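Engineer: Please read through the structure below; I'll follow up with questions.
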Amino acid sequence: MNSPRGARAFDLIVLGAGPAGASAAKVAADLGLRVALVDKKSFPRDKLCGGGLTGRAIDYYRRIFDAPLPDIPLERRSDIAFHAFGEDLGLSCDAPPLHLAMRRDLDAHLLERALEAGATDLTGSMAQLDPDGPSLRIGDGKIDAPLLIAADGVNSATAKQLFGSAFDRDKIGFALEVESPGADATRPLRIDFGAADWGYGWQFPKACGTTIGVGGVMARNADMKGHLAKYLDALGINPDLPVKGQFLPFGDFRETPGKGRILLAGDAAGLVDPITGEGIAHALHSGELAARAAADALRRGMPDMALADYTRALRPIHGGLRHAGRLRHLMFRDSLRRTFIKSFRNSRTLRDEYLRLLAGETEYGPLMRKMALRLPSFALRALTRR
């Protein structure tokens, strides 16, 4: 870590060095900006997350970091066991591969790549934001820049300072997770829709262990610990493993991701899929888009235009999250549950379309249309009203 003394000027400050922040710093540095990358944590550090890198995430990684895969331990799986509301929906074989990583390894790797590109390392630094600058007070020094990208997570102190709260407690998700030590090649990659109310469970085998968790809309899950205990029992996992908890934005994104010369990216902007819980792909992509918007605005000498440009660039992501929210409304509505289970179990086309979604080969719009063909008319009316 470099410690600032006195005032130091940068072109861009990136606050938060996870996937969104590291992506933003890497892209901005590649575009020739002087970038300060700040995080209160020193890396490597642990992070609650399933750690699944979908085909969509790998595509973004390849484009941003110019490498086929992160140089870290990865477990590659092409078979996915699907369950819903306690029922077996079957095994999808030869699916587009998922790569499974420990976030401790992944985030440290992404940070290293951003620093190699030329970003200044200010990790391990407690920072106090002055949004009017924007500037950060770090220790006995201060750093300034025309623009700041805040990628400081779902509990974003930046979003709280700008908007009064980091998220809407009525819409936020919450997850609990354990790590079962020891590689287990026989344990399947598994996704359970409905393992928590309006949520899901996951079992992600990795090179050094297995990550198991449940997450759902917090307001609908007063006993998330009970959901986790039931899920661990169903999977035959030691119930006494240490449990970690974390909020999940779950698609409750900010229509305008920032204020003034401050742009929010990744979880801080609410960019998490409400059905799959995927956040890494959107984090990488939003970090890239924020950095490009910042660089372009600075090149034109118009830093105040960066937020509007970035907001426009996010429209496809926002549109996909809206579609996912509507689909979740259908999947988890009690009156439509049997229809969803039957459709997902019996329709190879629908299942393949979902797998193509994870691979980044399609979006929620086509998936919604295929789902609609198999729903009764009252479901279509419910979707229209939604």
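The values are calculated or read from the model by the stated rules, or taken from the named source; none is laboratory data. The model shown is predicted, which means the values in this text are computed figures rather than measured ones. Positions of Cβ are backbone-derived with ideal geometry, glycine not excepted, and every protein chain shown enters the neighbour counts.
Engineer: Being at negative phi, outside the structural domain of THR211 (by TED's automatic domain parsing) and hydroxyl-bearing (Ser, Thr, Tyr) is true for just one of SER92, SER125. Which residue is that?
Structural biologist: Working: SER92 fails: outside the structural domain of THR211 (by TED's automatic domain parsing).
That would be SER125, the only listed residue that is at negative phi, outside the structural domain of THR211 (by TED's automatic domain parsing) and hydroxyl-bearing (Ser, Thr, Tyr).
Engineer: Among the residues of region 50-61, which ones are in contact with a Pro (Cβ under 7 Å, 6 or more places away or on another chain) and surrounded by 23 or more Cβ atoms within 10 Å (Cβ to Cβ)?
Structural biologist: TYR61
Engineer: For region 249-307, give me each residue that is hydrophobic (A, V, I, L, M, F, W, C) and touching a Cys at 6+ places or on another chain (Cβ under 9 Å).
Structural biologist: ILE280
Engineer: Next up: I'd like to check something: does region 163-172 contain any residue that is closer than 25 Å to GLY215 by Cβ and of a type in the set (Val, Ile, Thr)?
Structural biologist: Checked against the condition, which is being closer than 25 Å to GLY215 by Cβ and of a type in the set (Val, Ile, Thr), region 163-172 yields at least one hit.
Engineer: On to the next question. Any residue in region 197-205 that is surrounded by 16 or more Cβ atoms within 10 Å (Cβ to Cβ) and either of a type in the set (S, T, N, Q) or in the same structural domain as THR158 (by TED's automatic domain parsing) (or both)?
Structural biologist: yes
Engineer: Given region 117-208, what strands (runs of 3 or more DSSP E) lie entirely inside it while holding 3 or more residues that are within 22 Å of ALA25 (Cβ to Cβ)?
Structural biologist: Passing ranges, in order: 120-123, 127-130, 135-138, 141-144, 147-150.
Engineer: So which residues in region 82-96 are among the acidic types (Asp, Glu) and within 17 Å of GLY201 (Cβ to Cβ), if there are any at all?
Structural biologist: Within region 82-96, GLU87, ASP88 qualify.
Engineer: Another question, then. For a quick check of your reading: which helices (runs of 4 or more DSSP H) sit entirely within region 266-374 and have at least 2 residues that are over 24 Å from the mean Cα position of the chain (by Cα) and more than 18 Å from TYR200 (Cβ to Cβ)?
Structural biologist: Helices (runs of 4 or more DSSP H) meeting the threshold: 280-299, 337-346, 348-359, 364-373.
Engineer: What pairs come out if I take residues in region 139-164 that are within 15 Å of PRO19 (Cα to Cα) and pair them with residues that are of a type in the set (S, T, N, Q) and assigned to a helix (DSSP H, G or I) whose C-beta lies under 6 Å away, six or more apart or interchain?
Structural biologist: Going by the 6 Å Cβ cut-off, the qualifying pairs are ALA150/THR158; ASP152/THR158.
Engineer: Here is a follow-up. Output the qualifying pairs, or none if there are none: Cβ atoms under 8 angstrom, residues six or more apart or on different chains, first residue in region 331-351 and free of Cβ contacts under 8 Å to residues at least 24 places away in the same chain and not assigned by TED's automatic domain parsing to the domain that holds PHE193, second residue part of a helix (DSSP H, G or I) and crowded, with 16+ Cβ neighbours inside 10 Å.
Structural biologist: Here the result reads THR349/LYS370, each pair linking region 331-351 to a residue that is part of a helix (DSSP H, G or I) and crowded, with 16+ Cβ neighbours inside 10 Å.
Engineer: Only one residue in PRO257, PRO249, PRO239, PRO274 is under 25 Å from SER78 (Cα atoms) and either crowded, with 21+ Cβ neighbours inside 10 Å or out of contact with any strand residue (DSSP E or B) (no Cβ under 7 Å at 6 or more places or on another chain) (or both). Which one?
Structural biologist: PRO274
Yes or no, residue by residue, for (1) surrounded by fewer than 23 Cβ atoms within 10 Å (Cβ to Cβ); (2) not assigned by TED's automatic domain parsing to the domain that holds ARG299; (3) not in a strand (DSSP E or B):
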{"site": "VAL14", "(1), (2), (3)": "no, no, no"}
{"site": "ALA20", "(1), (2), (3)": "no, no, yes"}
{"site": "ALA25", "(1), (2), (3)": "no, no, yes"}
{"site": "LEU48", "(1), (2), (3)": "yes, no, yes"}
{"site": "ARG63", "(1), (2), (3)": "yes, no, yes"}
{"site": "ALA67", "(1), (2), (3)": "yes, no, yes"}
{"site": "PHE82", "(1), (2), (3)": "yes, yes, no"}
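Engineer: Let me ask something else. Out of all the residues in region 95-115, is one or more in a loop (DSSP other than H, G, I, E, B), at pLDDT 95 or above and under 30 Å from GLU363 (Cβ atoms)?
Structural biologist: For region 95-115, residues in a loop (DSSP other than H, G, I, E, B), at pLDDT 95 or above and under 30 Å from GLU363 (Cβ atoms): absent.
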